[in-house]
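K.L.:
After the structure tokens below, expect a handful of questions from me.
Bear in mind these aren't lab numbers, they're just calculated from the coordinates by the rules spelled out. As the structure is a computational prediction, the values presented were derived from the model and not from experiment. For neighbour counting, all protein chains shown are included, and Cβ atoms are generated from backbone atoms with ideal geometry for every residue, glycine included.
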């Protein structure tokens with residue numbers, strides 16, 4: 001069964017990836033320790049959880065006097081509701097959504113320009129806006145590869161062999177993610193809005 005979210009990676013998956021026999025339990029404790037840490041670090045660094053799913057009750061952080069709010073997870077597949085001050089707004093009438101960026105823009109009510117209305121600005125008070133939507137980037141194979149490799153590094157499963165000038169074969173412990181793997185995470189990193 002394919003892995004569809006980071007939290008589904010198991011010790012057995014890591015051992016299979018590195019060719020470690022199921023009966024070999026020498027590194028199990030280290031894998032158990034670092035696996036959740038790696039998952040948390042990837043989610044924290046990339047600023048999303050690599051799941052496309054229903055998101056309910058999300059309260060976006062917004063600046064004062066802004067026409068734009070952003071979902072925490074993108075892209076957005078669909079918006080079930082946007083609630084401002086307890087009032088459910090209507091898509092394409094009160095707001096519209098740019099699905100790939102998760103931007104929700106309040107549509108200006110031109111009739112309120114002279115009557116002291118919102119002029120298309122969101123109420124920025126805490127908890128004043130509640131979003132219910134389906135969104136998020138699905139887990140990709142390159143991010144899954146980074147997770148496996150990072151667990152391998154932290155659990156000391158990653159070594160590289162080399163031959164010294166004297167012709168002696170030696171092993172070197174790898175202790176940092178290579179730049180190519182760091183770049184994968186940078187490619188999937190969402191900016192905070």
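K.L.:
Between region 134-193 and region 5-35, how many Å separate their Cα centres?
P.N.:
15
K.L.:
Normalised by the number of residues in the chain, what is the relative contact order in percent for Cα pairs under 8 Å and 6+ residues apart? Don't skip to the end; give the middle numbers.
P.N.:
Working: 306 pairs, mean separation 53.0, N = 193.
Over the chain, the number comes to 27 percent.
K.L.:
Classify the chain from the C-alpha gyration tensor, please: rounded if a/c falls under 1.5, else prolate or oblate depending on whether a/b exceeds b/c. List each step's numbers first, then the result.
P.N.:
On the way: a/c = 3.91, a/b = 2.86, b/c = 1.37.
Prolate, because a/c is 1.5 or more and a/b exceeds b/c.
K.L.:
Let me ask something else about it. Neighbour counts of other C-beta atoms within 10 Å: give me 131, 33 arranged from fewest to most. Write down the numbers at each step before the final one.
P.N.:
Numbers: 131 23, 33 12.
Taking fewest neighbouring Cβ atoms as first place, the list is 33, 131.
K.L.:
Evaluate E = 1/(1 + (r/R0)^6) for residue 94 and residue 172, where r is the Cβ-Cβ distance and R0 equals 45 Å; express this FRET efficiency to the nearest 0.05.
P.N.:
Values: r = 60 Å, r/R0 = 1.33.
Rounded to the nearest 0.05, the efficiency is 0.15.
K.L.:
Now a separate question. What does DSSP give for the chain in terms of the percent of beta bridges that are antiparallel, rounded to the nearest 5?
P.N.:
95
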